[in-house]
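To start, the structure itself, in structure tokens.
The values are calculated or read from the model by the stated rules, or taken from the named source; none is laboratory data. Note that the structure is predicted; figures quoted are calculated from it, not measured. Here the Cβ positions follow ideal geometry from the backbone for every residue, glycine too, while neighbour counts run over all protein chains shown. Heads up: the accessible areas ignore ligands, DNA and RNA and are worked out on the full protein's heavy atoms, side chains in. Shrake-Rupley method; radii C 1.70, N 1.55, O 1.52, S 1.80 Å.
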Amino acid sequence: SDSIEKAGGICVFLPNNIDAIEDYLELLDGLLITGGDFDIDPTIYGEKLISSKVTTKKNRTNFEFNITKKAIAKKTPVLGICGGEQLINVVLGGTLIQHIPDHTKSEIQHEQKNPRNQPSHYVRIKKNTKLSNIIKSDSVFVNSAHHQSVDKLGARLVANAFSDDGIIEGIETIDDGFCIGIQWHP
């Protein structure tokens with residue numbers, strides 16, 4: 001919220017009231033979906049639960065799924081951070097890696113041991129993407145606080161950032177709207 005206000009915006013926190021989504025979207029100029037200490041239920045993206053590390057929050061996920069879907073349809077700008085990136089992907093029909101260590105052998109600690117406000121690994125930014133136009137660099141040193149990540153990309157999405165182990169660290173829509181997801185916490 002501090003970053004939004006420093007950039008000149010007014011931050012409004014939304015209760016998980018699914019019946020108020022249309023009213024919320026009438027008021028908002030953009031939607032920021034943050035992560036949290038929970039995961040998206042794999043049944044939402046058509047898979048069975050295969051990891052004991054997955055924990056869910058049904059009501060919050062249901063609300064965020066529906067408001068994100070409607071925001072994207074209305075071309076309301078959307079930024080997804082960490083679990084927000086994963087949510088964007090699932091909303092657009094993609095899937096997730098349920099637990100990275102079960103899927104990919106890596107030296108990178110995607111759930112870093114050092115404090116979350118410190119970076120722990122590099123992310124390579126794909127050229128000629130919306131994200132590269134914002135960051136204006138081909139790599140960035142990021143913090144990492146996730147055990148899940150994007151697997152199969154959803155419709156109209158392209159990966160715009162990768163860690164050195166091949167994990168997708170950023171996504172964006174290929175159309176003219178602003179819809180970007182990043183796995184790290186800027």
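At a glance:
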read-out	value
Sites matching GluC sites (Glu not before Pro) across the stretch 92-186 that sit in DSSP coil, with at most 12 neighbouring C-beta atoms within 10 Å	GLU107
Rounded percent of accessible protein surface that carbon and sulfur make up, the stretch 103-186, 1.4 Å probe	52 percent
Environment charge of SER52, counting only residues whose C-beta is closer than 12 Å and scoring Lys/Arg +1, Asp/Glu -1	-1
Unsatisfied cross-links (Cα-Cα over 20 Å) in the set LYS48/LYS126; LYS48/LYS152; LYS75/LYS152; LYS69/LYS152	LYS48/LYS126; LYS75/LYS152
Estimated [θ] at 222 nm from DSSP helical runs (n ≥ 4, -39500 (n - 2.57)) normalised by residues in the chain, nearest 500	-6500 deg cm²/dmol
Set of aspartates and glutamates near LYS130 by C-alpha distance (under 12 Å), chain-local residues within fewer than 8 positions excluded	GLU172, ASP175, ASP176
The stretch 71-156: trypsin sites (Lys or Arg not before Pro) in DSSP coil with no more than 16 other Cβ atoms inside 10 Å	LYS74, LYS75, LYS105, LYS113, ARG116, LYS126, LYS127, LYS136, LYS152, ARG156
Correct option for volume of the Cα convex hull per residue in Å³ [calculated from the coordinates] among (1) 156; (2) 138; (3) 119	(3)
Size of charge dipole - the stretch 95-186 - debye, nearest 20, with Cβ of Lys, Arg +1 and Asp, Glu -1, no other charges	180 debye
Cα-centred dipole magnitude for the chain, charges only on beta-carbon of K, R (+1) and D, E (-1), debye, nearest 20	240 debye
ILE44 accessible area, 1.4 Å probe, all protein chains in place, Å² to nearest 10	80 Å²
Theoretical FRET efficiency, 1/(1+(r/R0)^6), r = Cβ-Cβ of ALA155 and ASN114, R0 41 Å, to 0.05	0.70
Cβ-Cβ FRET estimate between ILE10 and ASP164, R0 fixed at 45 Å, reported to 0.05	0.75
Residue-normalised accessible area of the stretch 34-125, expressed per residue, 1.4 Å probe, Å²	54 Å²
Dipole-positive endmost among ASN17, ILE72, ASN59 within the chain (Cβ charges, Cα centre)	ILE72
Size of electric dipole in the stretch 1-79: Cβ of Lys, Arg +1 and of Asp, Glu -1, about Cα centre, debye, nearest 20	280 debye
